[in-house]
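Working notes, structure below.
Bear in mind these aren't lab numbers, they're just calculated from the coordinates by the rules spelled out. Here the structure is a predicted model, which means the values were calculated and not measured. Neighbour counts are summed over all protein chains in view; Cβ atoms, including those assigned to glycine, are modelled from backbone coordinates with ideal geometry.
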Amino acid sequence: MKRKAVTIRDVAAAAGVTPMTVSNVINGRTDQMSRETFARVLEVCRALDYRPHASARRLRTDRRMAVGVVIVDPTPHYLADPFIAAVLAGLNVSLSAGGYSIVLHGALPEKLAMLPMMQRIETDALCVFLAGTRDERRGLLADLAALGQPLVLLQENLPDIEGGGLDLPDACAVAQDDFGGGATVARHVLESGARQITMLVPDAVWSAMERREAGVRAVLAQLADPPRLDLVHCGDESYLDTQRAFSAYIARKGVPDVVIGGNDQMAIAAMNLLTARGHRVPEEVRVTGFNGFDIWRYATPTLTTVFSPAFLIGQRAGEAIVTRLASGRFAERQVILPVTFGPNRSSARC
């Protein structure tokens with residue numbers, strides 16, 4: 001027996017709001033309602049499997065009902081990154097509930113101009129993850145801004161990226177507090193003393209990694225006699241690339257007493273190399289990671305990490321886009337979400 005279609009009135013009754021409020025949510029007119037009301041209506045839409053008629057909406061609103069997600073990354077395996085995957089999941093929750101589809105494009109930095117979306121307009125707004133130096137990212141953003149669509153920058157600090165001839169009046173940035181997370185890690189490892197700190201980073205330049213490093217350096221700069229901080233570039237940050245780079249570093253400079261992984265994957269790869277060579281963690285070398293996805297639970301000893309709100313970054317980015325498309329402006333230019341430090345056995349005092 002065919003199930004009766006859920007109507008906008010059904011959603012309104014279940015959410016305790018008017019049909020007009022539901023209509024405002026699904027058509028992106030959210031500037032006159034609270035975040036709680038918006039979230040409640042989206043949840044009811046999902047629970048009841050309410051599906052607005054997409055063709056009718058496109059005719060009524062003159063929109064494509066699609067948001068482009070552009071990931072500029074020099075490596076081809078960007079979707080295997082748990083951070084990017086979590087952000088995309090959160091973004092999809094907010095956008096799909098509002099009736100928007102995601103059009104995903106991945107590109108090498110030098111191939112951005114060849115993307116189909118750069119040749120024809122097929123979306124209503126763009127969400128972007130960009131690798132590269134600040135000047136390189138500014139160049140990429142200038143090309144994207146020329147498309148004339150609202151931009152949401154993921155894991156960027158808008159005041160830092162603007163300037164140098166780049167002006168982004170129709171943009172919003174959503175990021176986590178990577179600087180604060182890096183500073184917290186540094187203070188933690190210094191509690192037990194340190195002489196030589198190694199920080200593992202990928203070859204690709206990501207602004208979030210730079211902010212984590214800056215947080216660590218800011219804490220060290222406050223010390224009269226700070227420990228040495230060495231950066232080790234770990235290729236595509238895979239397990240084998242990290243171990244090769246860390247092994248070569250040890251051969252040149254010896255075993256450090258602290259390893260700070262730019263993410264959990266690199267931290268665990270380094271920790272496994274250390275234990276395979278007979279070095280005790282944390283008795284001889286203390287190790288920390290970053291991002292706090294479930295992989296930290298599988299490490300032995302359990303990995304100290306910084307828990308990322310990656311899913312929430314995606315959700316907030318989606319909400320920002322829906323609001324912008326409805327009201328004509330972004331409610332906020334910069335959103336910084338807090339991270340949470342999680343000390344565990346890998347960096348415990350001994």
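Things worth noting here:
- Sequence of I197, I121, I71 once ranked by neighbouring C-beta atoms within 10 Å, starting from the fewest: I121, I71, I197
- Those residues of the range 302-317 whose amide nitrogen sits under 14 Å from the label point placed on F341, 7 Å along Cα→Cβ: 304-307
- Shown for R9, R138: other C-beta atoms within 10 Å of each C-beta, ranked fewest to most, produce the order R9, R138.
- Contour minus Cα-Cα distance for R244 and R64 (0.36 nm per residue): 60.1 nm
- The chain - charge dipole about Cα centre, Lys and Arg +1 at Cβ, Asp and Glu -1, debye rounded to 20: 1080
- Extension gain, S327-C350: 0.36 nm per intervening residue step, less the Cα-Cα distance, totals 2.7 nm.
- Compared with the dominant Cα axis of the chain, that is its longest principal axis, helix 264-276 is turned about 30°.
- Whole-Hz ³J(HN,Hα) from phi, Karplus 6.51 cos²θ - 1.76 cosθ + 1.60, for the range 85-96, glycine and proline x: 4, 5, 4, 4, 5, x, 4, 5, 4, 5, 6, 5
- Springs between Cα atoms under 10 Å define the GNM used for the chain, and in it the highest mean-square fluctuation of A47, A131, A86 occurs at A47.
- Helix-only CD estimate at 222 nm, as mean residue ellipticity for the chain, using -39500 (n - 2.57) per DSSP H run (n ≥ 4): -13000 deg cm²/dmol
- Candidates I268, V70, A204 compared by Cα position along the dipole of the chain: farthest toward the positive end lies V70, with charges placed on Cβ.
- Most fluctuating residue given options R217, R329, R228, as computed from a GNM of the chain linking Cα atoms under 10 Å: R228
- Among P227, P202, P309, residue whose mean-square fluctuation peaks in a GNM of the chain (springs only between Cα atoms under 10 Å): P227
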